[in-house]
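Q: Please read through the structure below; I'll follow up with questions.
Each reported figure results from applying straightforward, stated rules to the coordinates on display, with no laboratory input. No experiment lies behind these values; they were computed from the predicted model shown. Please note: Cβ atoms are built from the backbone with ideal geometry, for glycine as well, and neighbour counts cover all protein chains shown.
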Amino acid sequence: MSPSSLAPTPAATAAFLDNREQMDLLRFVTCGSVDDGKSTLVGRLLLDAGAVYDDQIGALLRDSEKHGTIGIGVDPALIFDGLEDERQQGITIDVAYRYFQTARRKFIIADCPGHQQYTRNMATAASTADLAIILVDARKGLLPQTLRHTFIVSLLGVRRVILAVNKMDHVNYDQAIFREICDAYSRFTAELKIPHVDYLPLSGLLGENVVRRSSKMPWRQGPSLLELLETCAVPGQETTGDFRFAVQRVNRPHAEFRGFSGTVAAGTIQVGETIVALPGRKYSTVQSIVSFDGALEKARAGMAVTLTLADEIDVSRGDMFARPVELPRVDRRAEAMLIWMSEQPLLPGRAYWLKHTARHTIAEIGAVRYRVDVNDLSRKQAATLQLNEIGRCQVLTRDPLVYDDYATNCDRHSKNVAPGRRSGAQLL
Amino acid sequence: MHHSNSSRARVLPASSPSALAPLSHLRRLEAESIHILREVSEAFENPVMLFSVGKDSCVMLHLARKAFFPGSIPFPLLHIDSTWEFRELIEFRESYVKGELGLNVIAYVSDEGVRDGVNPFDYSSQVYTDVMRTRPLKEALTKYRFDVAIGGGRRDEEKSRAKERIFSFRDQQHRWDPKNQRPELWDLYNTWVHRGQSMRAFPLSNWTELDVWQYIHLEKIPLAPLYFAAPRPVVERDGDMIMVDDERMRLREGEEAQTRVVRFRTLGCYPVTGAVTSEATTVLDIVGELLTTRFSERQGRAVDRDESAAMERKKRDGYF
Ligand SMILES: Nc1nc2c(ncn2[C@@H]2O[C@H](COP(=O)(O)OP(=O)(O)O)[C@@H](O)[C@H]2O)c(=O)[nH]1
């Protein structure tokens, strides 16, 4: 191996890095039922985009033969099934994160399990995703898990979904089958108010419409999966929301300095602006925005900074800064959709710990308003929630929560910080 | 409006959103890591940062300096020194990290291993790693009562790590149970542990090797010189080039040290860490190489090649 003879010139490398430095990031989650072909599809995406290292391809080839999953060549699914148990059982149990980039964008994939018993892993994967790929087997159409995943993805605030109708090779690339699935799916998602849904017929195994556009489906003109991923707008990067900043840490290295460290959850802030610290309702002015790289004039959503204030007001970890004209709610009561992830059923009236931004408080579920049947989104009467059930609940907290309603166009969610940087609360 | 009088000040017009460009992927990763480090410092009584002195550790250290600025890093660094480290690595730890940055580095050595003369020549890689790395790590965590250890592991490194949470708890024996991972939603981290359990936090989880190098380039982060090509004495052994770093290196029949221009892609114990032929003397050169070689990183670490599930098993046993 003599890489240096092939290596690009320093100037070419510098140009590559300059371009890469400007790139943005798209995080997406892939979900679907077991055997719909998630692992195969994502493996194919990585292989065809050239994102798998050569020595790993060697190991994959050996593993493919060992598992006997495929006749010749690389079985793309084996890139993903990481844990020993998963390899033995041939299924995905936990979220696997995968990283790749093209000339246009960087990507983080969270590949999540299909089994209902691993719903909490699926929710983990979806919570940080900008976009979700929901996979359907063309022969089977929509399954209960497809709807369940779509519902969870929408609850966690993912605003862009691609419905990938996979294994089109198994149905002779039949347009009518594709249409039927899309129609059913759009009826279902209409109620969820997911702002963007794209529909895509493909074959993960054969790579049709994955990286290159397929010639097998002349009835469908349009971008491949990778093209869609490369060009769609990254949701959640806008700075238009009201300014929200949860104090994560009081930075007090010596008597002369007192700063409040945290990440701007939404909007922007500028030196000289008035803020109010909640829930205490103490007012002050931003005196400086401190960072290791020098003082800043402004900060925007997504930046981790330290603010100093003009006045000595009482602020501690968990407090929220906002502009006085853009106040969030401050309340001990909230209405929320809960996804129940514990083996012990929810007990109304019992005390739970609730974590919201940097704050812990004791919470109690006052009442379960209804449970949602994920098959048709209908509301069912319920006194409690069992593992993996989803329901609308009244939450009462000992200390006030500072929160905004989820997305302005979607009143199913509450207790979330702001549209910019999605967040929520978790019962521990 | 209920402005308190004392805080009434000039109110500037809200800044125009377009004045601040969207964050690039690196700045998004940086902010996520800083958020995680701050969370660790607040949610635990007695954190420690595991510092291997390698490039990922150095990036993590740099992020910690940013996270707590203008304050200093509110926890010590822990280096599990196997006693078979590269000399240049120890020198970098002493002169730069302890000296120039003035940081508190605990260098912890396995007394048992030194007493029994455990070395990578006479012992299998499994026993050697266990005695000189895994056990002293557990010992040190117990001895100093650290309740969380911050590690530089990245999910792109290897398959089992790809499935690990950012905050990942360990049982009493410091073992990881991949089937018992907690939900981890948004940027809300469940930092609570039961008695006897401990926590690992991985602020670099979402960084790739290229991200790390690009960040080193962008931020001009100093590294141990071993990453850069230089003439070094090496022997060829089982397909690897092993550096003869000191007189303890045991040469086999017919082996003879030759001076070659090489560098290291990862830094483990010198007798089991393979060098690569390279002329890369700058970070730019290294990135250039990365773009062309396409060999994934752990290739150079002989310990890891045993089998594909090796790392997962080691982690279940308590290896970091
Ligand atoms: N014909 C065909 N088979 C596929 C396709 N994608 C996946 N498969 C097969 O479907 C099975 C399940 O795929 P896998 O990726 O493991 O599914 P997962 O459980 O969703 O990750 C495997 O036997 C795959 O080879 C496809 O596009 N066409």
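Q: Could you work out the mean count of beta carbons from other protein chains within 10 Å of each residue's beta carbon in A:17-26?
A: 5
Q: Something else now. Other chains near B:64-71: what is the mean number of their Cβ atoms within 10 Å of each residue's Cβ?
A: Across B:64-71, the average partner-chain Cβ count within 10 Å equals 6.
Q: Ok, one more. Please give the net charge around A:ASP376, taking every other residue with its beta carbon less than 13 angstrom from that of A:ASP376, where Lys and Arg add +1 and Asp and Glu add -1.
A: +3
Q: Mind checking B:24-36 for the average number of partner chain beta-carbons within 10 Å of each residue's beta-carbon?
A: Whole-number average of other-chain Cβ neighbours for B:24-36 is 6.
Q: If one computes the Cα centroid of region A:350-388 and of region A:242-265, what distance in Å separates the two points?
A: 32 Å
Q: Cut-off 10 angstrom, C-alpha nodes, Gaussian network model of chain B. Which of B:ARG28, B:ARG232, B:ARG87 fluctuates the most?
A: Per the Cα network of chain B with a 10 Å cutoff, B:ARG28 tops the list.
Q: When the chain is fully extended, how far beyond the present Cα-Cα distance does A:ASP331 get from A:PHE257, taking 0.36 nm per residue of separation?
A: Taking 0.36 nm per residue and subtracting the Cα distance, the gain is 23.5 nm.
Q: First check a/c for region B:37-77, with a ≥ b ≥ c the square roots of the eigenvalues of its C-alpha gyration tensor; if it is under 1.5, answer rounded, and if not, answer prolate when a/b is larger than b/c or oblate otherwise.
A: Cα axes put region B:37-77 in the oblate bin.
Q: While we're here: Among all the aspartates and glutamates, which ones have a C-alpha under 12 Å from A:LYS298's C-alpha, if same-chain residues fewer than 8 places away are not counted?
A: A:GLU273
Q: Under a cut-off of 16 Å between alpha-carbon atoms, report the lysines in cross-link reach of A:LYS167, not counting same-chain residues fewer than 8 places apart.
A: Reachable lysines: A:LYS38, A:LYS140, A:LYS216.
Q: Taking 0.36 nm per intervening residue step and subtracting the Cα-Cα distance, what contour gain separates A:THR102 from A:SER215 on full extension?
A: Here the answer is 38.4 nm.
Q: When B:GLU164, A:GLU238, B:GLU158, A:GLU191 are ordered from fewest to most other Cβ atoms inside 10 Å of their Cβ, what list results?
A: On the way: B:GLU164 24, A:GLU238 16, B:GLU158 20, A:GLU191 12.
Placing the least packed residue first, the sequence is A:GLU191, A:GLU238, B:GLU158, B:GLU164.
Q: Could you sort out which of A:LYS355/B:LYS138; A:LYS193/A:LYS282; B:LYS55/B:LYS163 sit more than 28 Å apart by Cα distance in this structure?
A: Violating the 28 Å Cα-Cα cut-off are A:LYS355/B:LYS138; A:LYS193/A:LYS282.
Q: Please give, to one decimal in nm, the separation of the simple spin-label points placed at B:GLU139 and A:GLU227, each 7 Å out from Cα toward the Cβ.
A: Inter-label distance under the simple model: 6.2 nm.
Q: Same structure, new question: Using the count of nearby Cβ atoms within 10 Å as a rough guide to exposure, how do A:THR240, B:THR277, A:THR30, A:THR119 rank from fewest to most?
A: By the 10 Å Cβ count, ascending, the order reads A:THR240, B:THR277, A:THR119, A:THR30.
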